[in-house]
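The values are calculated or read from the model by the stated rules, or taken from the named source; none is laboratory data. All values derive from a computational prediction rather than experimental measurement. Note that each Cβ is placed from the backbone with ideal geometry, even for glycine, and that neighbours are counted across all protein chains shown. When the accessible area is computed, the model is the full protein with side chains, heavy atoms only, and any ligands, DNA or RNA have been set aside. Shrake-Rupley method; radii C 1.70, N 1.55, O 1.52, S 1.80 Å.
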Amino acid sequence: MSVHLKQDKPDTSNRLDDMKQGVIGAPLPRVEGMAKVTGTAPYAAEYLVENCAEGVLVTSTITRGEVTRIDKDSVLSMPGVIAVIDDERLITRPAQGTANEAPQQKPKSVSYWGQPIALVVAETFEDARDAAKHLKVEYREDEGAPLSPDAVELEEQEGETVHQGDLAHAMAEAAHSVDVTFTTEGHSSAAMEPHAAIAQWDGERLTVHASLQMLNYNITELADAVGLDESKVRLISRFVGGGFGSKLGISEDVVSASLAAMQLCRPVRVVLSRQQVLQCIMRRSETTQRIRLAADENGRLTGFGHEALVSNLPGESFAEPVLQSSHFLYAGQNRELMLKLARIHRMTAGSVRAPGEAVGMPALEGAMDVLAHEIGIDPVELRLRNIPEDNPEEGLPFSSHKLAECLRQGAEAFGWDHGPRKPRHTREGEWWVGTGMASAARVHNVGEARARVTLKADGTALVETDMTDIGTGTYTILAQIAGEMFGLDPGKVLVDLGDTRHPRGSGSGGSWGAASVGSAVYVACTALREELARRAGIAEDKLDLSNGRTQTGQTLSQLLDGQDMAREGHYEPGDIASDFTASGFGAFFAQVRVNRFTGETRVDRMLGAFGFGRVLNHKTARSQCIGGITWSIGAALTEALEFDPRDGHLVNCDLAEYHVPVNRDVPDLEVLMVEERDPAASPIQAKGIGELGMCGGAAAIGNAIFDASGARIFDYPMTPDRVLAAMPAD
Ligand code: MOS
């Protein structure tokens, strides 16, 4: 039986707070933690499948043009080689998040260096890799593919454009103003687990173990790509070693393994190399962002401008939504916002953790720091003075808003005690020491989700949905929600995820997972509680369940009387999504030291204070915040995709050359959760937290570099060469 909740109104009943088990919010360790650390949680490539052939992808060595000939004979006689798959469907990939849309690239056409064009299948991985290196491919190459945004006409993204009032006039009249341009470079999701798939075909049905975030639409993408009905396709992603956007859509590993398995009638495994993951899966676009801020004598914004330039391949619909939070974070009635897209031939640009704010917020918050110094007020105070009552563009109310609390509590906990001061106030040996801060904001996303919850006759519970847990804690928080609703120890709730045989969940992405699928579980549990209440002869809102019993001492097993009882919860955000502006908010504080001779920056300590609705599990939520702050450190100091200007190929395509922060780069991080109930965010009053921790943090570090050394830098990452170049003479 399916129970549908379309949420049109805020839910202020906060029912979860009335429950008696007391496990919601508890810092429980991940239920799958032991399996992961003992190596018994299988990742996509690790399933033991008999007679499995191995596939290795061959990638393009031209930037733009056409594959004219693939000389299969050049490798078919090599040891162990079984086949070369060059089906044109392999080089056509559905655009991210657009299931059912026609493939974006023309058959056999190449649009970037490193694009997968064929799959070599052999008995062993080594044989396949050897043959892949020897495969002879002929191309017709188009000269002059534009590789840099300067070289092309820009497309305005009209949905992002705002002209409100007269910003130029506000700038001219302002007591204080800044007009600055920041740049950020491309980023990689750089998930630990490479993209991988094992496909099995029984002549009628296709079963694929893969590493994916969004099974609910990945199944549609795959069915379309290989020409099967969805009912003949099963996708399984039980454990995912990080996705960060790169596994939102299916990629060539999944399509090529499936095509090969169907063609050869035997299982085929395809695992991308680290280099291939970086080269051809997804990039975050580089950005150029002009920010204009106009303020009165008291630091109140009268004008706000944010224009951004991003890039993508021709034909792709995604444009890094840089302005997402800029639309509502700060006041200022005269506004100009614009997003422009350049069509260039680098690999596909798509969602990389916190698409939009991850790069938009560091630029905006860097500009706010410049303004605070210009005016001569404390940067915390400048933010506090500019928190708008309602969304300054659409006039919508905020669903809940904890920016001020995060700024105040974060400043207090960090020991923030300065207004603007002259840089270079503190030197320790050869290091300048300073502090900086920034606001955090990340829109709250929530989506449709389904989950089936079964109360078992033995008094345990089962939760089933095709939802994925990409390392965030989904297994655990769903067990907590059901445990709380039924008065059960979460250990008695079995959560079964990552299989398209189950009801369609929300998938994991955009920080929407917990609120969306958590609400579907909540809806199912509420319906089951109603039936339990009826049987117990107690009104549902009076029914107290704890440790498997009602307040009158009846056990769940007694109420179930030998029969399992199941409900499918179906949650959908209704008017709520358009009646409110919903966002997570926060504040970052950082202390850094900058070497006066080498320009090297080390982060000494960092604190993030975040408000994101109900905290479902204090341990997993804190881990998400720590992960986010760690990404901030990478964005501030080291992470940048480097493209060869001659052919657009990615040069630093491994983790030795693409520098994500490692243990030595990450100091003790402090996380402060400013807990709240957001009645309009979801029926469980929770908002997203996965990405908020990196939305602005890079600016806290950049602003601290200025406070320490006097180097004001407008280009992320702030590598030693850039710091040295910007450092004033001693
Ligand atoms: Mo996310 S970058 O939407 O997985």
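If each residue of separation counts as 0.36 nm, what is the full-extension length gain between Lys6 and Glu389 once their alpha-carbon separation is subtracted?
135.1 nm
Applying 1/(1 + (r/R0)^6) with R0 = 22 Å to the Cβ-Cβ distance of Glu428 and Arg664 gives a FRET efficiency near 0.70. According to the Cα-based calculation, Rg over Rh for segment 387-505 is 1.20, with Rh computed by the Kirkwood formula. Take the alpha carbon gyration tensor of the chain, find the square roots of its eigenvalues, order them as a ≥ b ≥ c, and report rounded if a/c is under 1.5; if not, report prolate when a/b exceeds b/c, else oblate. Taking the square roots of the gyration eigenvalues as a ≥ b ≥ c, the chain is oblate.
The convex hull around the C-alpha trace of segment 187-243, projected and averaged over every direction, spans 4.3 square nanometres. Of the Cα atoms belonging to segment 235-350, the radius of gyration and Dmax stand at 20.8, 74 Å.
Sorted from longest to shortest, the spans of the Cα atoms of segment 433-561 along the three principal axes equal 63, 37, 23 Å. Remark on segment 396-442: hydrodynamic radius 13.3 angstrom, per the Kirkwood mean of 1/r across alpha carbon pairs. Solvent-accessible area assigned to carbon and sulfur over the chain amounts to 47 percent, based on a 1.4 Å probe. Projecting label points 7 angstrom from Cα along Cα→Cβ for Asp71 and Glu642 puts them 3.4 nm apart.
DSSP loop (so not H, G, I, E, B), at most 16 other Cβ within 10 Å: list which GluC sites (Glu not before Pro) in segment 277-331 pass both filters.
Answer by residue number: Glu297.
Counting heavy atoms of the protein chains alone, Tyr43 has an accessible area of about 50 Å² for a 1.4 Å probe.
A dipole drawn for the chain from +1 and -1 charges on Cβ atoms has a positive end, and of Pro42, Gly366, Ala708 the residue lying farthest that way is Pro42. Between Ala404 and Asn14, the modelled labels are 1.9 nm apart [label points 7 Å from Cα along Cα→Cβ]. Summing +1 for each Lys or Arg and -1 for each Asp or Glu among the other residues whose beta-carbon sits under 9 angstrom from that of Lys20 gives -3.
Once the chain from His418 to Asp179 is taken as fully extended at 0.36 nm per residue, the excess over their C-alpha distance is 83.6 nm. Counting only protein heavy atoms and a 1.4 Å probe, segment 282-416 has 26 square angstrom of accessible area per residue. Neighbours of Phe398 by Cβ distance under 15 Å: Lys/Arg scored +1, Asp/Glu scored -1, total -4.
Would you mind giving the average projected area, over all directions, of the Cα convex hull of segment 578-730 in nm² with one decimal?
The orientation-averaged projected area of the Cα hull of segment 578-730 comes to 11.8 nm².
Pairs exceeding 32 Å between alpha-carbon atoms, taken from Lys456/Lys687; Lys247/Lys542; Lys136/Lys232; Lys36/Lys687; Lys36/Lys133; Lys456/Lys619: Lys247/Lys542; Lys136/Lys232; Lys36/Lys133. One decimal place: the segment Glu50-Glu88 gains 10.9 nm when fully extended, by the rule 0.36 nm per residue minus the C-alpha distance. Peptides 570-579, 506-515, ordered by how many other C-beta atoms sit within 10 Å of their residues on average, highest first, read 506-515, 570-579. R0 = 30 Å: FRET efficiency of Asp575 with Asp142, Cβ-based, nearest 0.05? Working from the Cβ atoms, E equals 0.05. Near Val495, once Lys and Arg are set to +1 and Asp and Glu to -1 for all other residues with Cβ below 10 Å from its Cβ, the sum equals -4.
Between Arg129 and Glu657, what is the FRET efficiency for a Förster distance of 25 Å, r being their Cβ-Cβ separation, to the nearest 0.05? Computed FRET efficiency for Arg129 and Glu657 comes out at 0.75. Under the convention that each Lys and Arg Cβ holds +1 and each Asp and Glu Cβ holds -1, the size of the dipole of the chain around its Cα centre is about 1360 debye. Considering all different alpha carbon pairs of segment 133-226, the Kirkwood hydrodynamic radius works out to 20.8 Å. Computed per residue of the chain from DSSP H runs no shorter than four, each worth -39500 (n - 2.57), the mean residue ellipticity at 222 nm is -7500 deg cm²/dmol.
By the gyration tensor of its Cα atoms, with a ≥ b ≥ c the square roots of the eigenvalues, what is the shape of segment 366-411: rounded for a/c under 1.5, prolate for a/b over b/c, or oblate? Note, shape of segment 366-411 comes out oblate.
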